[in-house]
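Report on one structure; see the data block that follows.
The values are calculated or read from the model by the stated rules, or taken from the named source; none is laboratory data. Everything numeric here is computed off the predicted structure, so don't read it as measured data. Neighbour counts run over all protein chains shown; Cβ positions are idealised from the backbone, glycine included. Ligands, DNA and RNA are excluded from the accessible area calculation, which covers all protein heavy atoms including side chains. Shrake-Rupley method; radii C 1.70, N 1.55, O 1.52, S 1.80 Å.
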Amino acid sequence: MVNVTVVRGGQTYPLTARITGWEVRPHPQTPEGTDWLHFTYRATQTGPLPVVSVEIPVCAVDAADVVLICSTLFLNEALSAYDTHQVADGDTWTGLGPDANVARVLFLPDDLHRGPHAGDPKDDDGYVPPRIPEPGERLRTL
């Protein structure tokens, strides 16, 4: 499993996230429906953060690194602006399209949260997060 260091523009956060496991199966609340992606993750904070809200993209890709689906993981409850070391384990579900052949699930490093003053001409810091990849796009991965 690969740790991804979270960044916001040119700023590197003392925060890593990694997928610790994943599976494709029916959601327990909708067993007759289509398959869902269930994944587990670990977020590790190694120092004080300048923010308390972080949103990072998570994508399921096929064997050619073509995006099947991307969603956003909100780490707000797992973080602390004051603690210098915090670990949070969690899991989440996201819907998949029919016949999704998932080969990997991965986090992208960019913090997508614009901040509490986004759009305020006086207090906004001007950060514009990158867009989330769409199904069919190919990711450049290691």
(request) Can you work out the accessible area per residue across segment 1-74, with the rest of the protein chains kept in place, probe 1.4 Å, in square angstrom? (result) 47 Å²
(request) State, to one decimal in nm, how far the label point of residue 101 lies from the label point of residue 65, with both points 7 Å from Cα in the Cβ direction. (result) 1.8 nm
(message) Report the gain in length on full extension from residue 92 to residue 3: 0.36 nm times residue separation, minus Cα-Cα distance, nm rounded to one decimal.
(response) 30.3 nm
(message) Whole-Hz ³J(HN,Hα) for each residue in segment 15-25, computed from phi via Karplus 6.51 cos²θ - 1.76 cosθ + 1.60 with θ = phi - 60°, x for glycine and proline: what do you get?
(response) 8, 10, 9, 8, 7, 9, x, 7, 7, 10, 6
(request) Hey, can you grab everything whose amide H is under 5 Å from the amide H of residue 114? Only 5+ residues off in sequence or another chain; H modelled, so Pro and N-termini drop out. (result) none
(message) Give me the percent of accessible area attributable to carbon and sulfur for segment 14-67, probe 1.4 angstrom.
(response) 54 percent
